[in-house]
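In what follows, a structure is listed as structure tokens, so that the remarks can point back to it.
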Amino acid sequence: MAIISKSQKPFVVDKDTKILVGIDLPFTKSNTYGYFSPTLTTVEAVKNNIKSLLNTDVGERYLQPTLGLNLKKYLFEPATEDTNLLIEDEIVGSFRKWLPFVEIKDLKITSEETGAIGKNKINIKILFGIQRNNQSLDSVEVTIGE
């Protein structure tokens, strides 16, 4: 996860295609940029960070025991507004700690029951921006569960 240092220079919009920002997820082989495919812009790298954070369970990451969210525990809870508020609070709190430079503009949480046993889903759609770049509005969709 990226953490912003307060001592760094101001945010610079990605205009140079020769500068690579991070590694694209899922890992794929690149014939152009080395072994792994890179992310070419900060927004792409932040999208990968958001997806990774939402899909990581607390305690799963070695040497970072508080990184992640426990969203799987909500899969079999009743699909109510209270449950959605609990999920939203957990996401917002985790973003404040691990992705403080990401500003959540809109957060939509929907639960889906397919009728089959063990096939519940939580769909999360986040519209976000990077705080020091007003032009970087993008969205990420993540599905937790089957």
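The values are calculated or read from the model by the stated rules, or taken from the named source; none is laboratory data. What you see is a predicted model, and the numbers here were worked out from it, not measured in a lab. Backbone-built Cβ (ideal geometry, glycine too); neighbour counts: all protein chains shown. These accessible areas exclude ligands, DNA and RNA; they are computed on the full protein's heavy atoms, side chains included. Shrake-Rupley method; radii C 1.70, N 1.55, O 1.52, S 1.80 Å.
In region 124-146, the residue that is modelled with the highest pLDDT out of those that are surrounded by fewer than 12 Cβ atoms within 10 Å (Cβ to Cβ) and more than 18 Å from Asp57 (Cβ to Cβ) is Glu141.
Among the residues of region 77-98, are any in contact (Cβ under 8 Å) with a residue 60 or more places away in the chain, open to solvent by less than 50 Å² (accessible area, probe 1.4 Å) and in a helix (DSSP H, G or I)? Even if it seems obvious, please write down each step before you answer.
Taking region 77-98 first, the residues in contact (Cβ under 8 Å) with a residue 60 or more places away in the chain are 98.
This time we only want the ones that are open to solvent by less than 50 Å² (accessible area, probe 1.4 Å), so: 98.
Of the ones still in play, those that are also in a helix (DSSP H, G or I) are 98.
Yes, region 77-98 contains a residue that is in contact (Cβ under 8 Å) with a residue 60 or more places away in the chain, open to solvent by less than 50 Å² (accessible area, probe 1.4 Å) and in a helix (DSSP H, G or I).
Residue check: is Lys121 in contact (Cβ under 8 Å) with a residue 24 or more places away in the chain, within 14 Å of the chain's Cα centre (by Cα) and open to solvent by 40 Å² or more (accessible area, probe 1.4 Å)? When the stated conditions are applied, Lys121 does not pass them. Do the conditions hold for Leu107, that is, is it in a strand (DSSP E or B), modelled with pLDDT of 90 or more and surrounded by 13 or more Cβ atoms within 10 Å (Cβ to Cβ)? For Leu107, the condition - in a strand (DSSP E or B), modelled with pLDDT of 90 or more and surrounded by 13 or more Cβ atoms within 10 Å (Cβ to Cβ) - is met.
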